[in-house]
Amino acid sequence: MMSPWKGNPLRRGRMGCTPSRTRSSGRLFFRRTRLPGAASATTRKRTQPQAADFREALTYTFEEVKPDSAAATLRWEKLAVPFRVSVDVKAVVLRSIKNELRSVGGFTWGGYDEAAQWCLDNNYNLEEALKWEDTSIQNEERFENLETKSRILDALGRKEESAKVVSKAFDKATAIQLYSYARGLQRSGNAKRAFEIYPQVPKKDANHWTSHLALARISSNTGDFPTAAKEMTMAISGAPDQTKQFLQPLLKRLEAKDDINK
């Protein structure tokens, strides 16, 4: 945790905060809570009290609250003592992830994959994330961890290695995994790459409903709306009941000659 005094850090752990003051200035005493019988540690920080409305009970208020910091104010009687608290959230989460990997999370491919995914999503600790992904793959090689590894390599600037790994991931992918991957690319603005992948979906399983959905998107993209509507109808026929409600509006758009990719 960082204090407001030139970014001086406080040691991690539970803290008790006690104010004291002179006529011109004040101090906050941060006392670290320890087990009974152990020595305590006290850190003193100088601050400047301000005049404020009367508060009978000691109160702490928090403003400018952000994911990693807040402006705190200790209020008591007619004084307000402001101080800012900030935390290196990524470092805290990373410690927690490492602890998880030492227990249950470290016994499955999914635990290491999720840990690496978090690092990738936050562009943080990528070299170790790559090692975790390799461990995940050693536990069980799957489309999911190979695809994550390819994105980590790409983030590290290792483009050729990334391309080889993603190609291997495609070999492992099911029709729905490949369609979902292509759709994710399309949503993120990489439509060109998405439409290079959509034709590979039916090669995985020509009768799967996502294969018909991929073909509907391809036909819609080329302006062949009758074929697109036919493929969408087949996709709806084979889709799970909870998914049909999302595909029906797409069929109506195709029947109105409206490109569903826009």
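Just so it is clear, none of the values below were taken in a lab; they were calculated from the coordinates. These figures come from a predicted structure and were not determined experimentally. Heads up, the Cβs are rebuilt from the backbone with ideal geometry, glycines too, and the neighbour counts pull from every protein chain shown.
A straight Cα-to-Cα reach below 22 Å connects Lys164 with the lysines Lys131, Lys149, Lys172, Lys192, Lys203, Lys204, residues fewer than 8 places away in its own chain not being considered.
Charged neighbours of Thr233, selected by a Cβ distance under 15 Å, balance to +2 (K, R count +1; D, E count -1). When the charge dipole of segment 113-253 is built from unit charges on Cβ atoms (+1 for Lys and Arg, -1 for Asp and Glu) and taken about the Cα centre, the candidate among Ala116, Gly184, Thr210 whose Cα reaches farthest toward its positive end is Thr210.
Backbone amide hydrogens, once placed in the peptide plane, bring Ala52 within less than 5 Å of Leu79, Ala80, excluding anything fewer than 5 places away on its chain. Can you tell me which lysines have their Cα less than 21 Å from the Cα of Lys252? Leave out same-chain residues fewer than eight positions away. The reachable lysines, counting only those whose Cα sits under 21 Å from Lys252, are Lys230, Lys244, Lys262.
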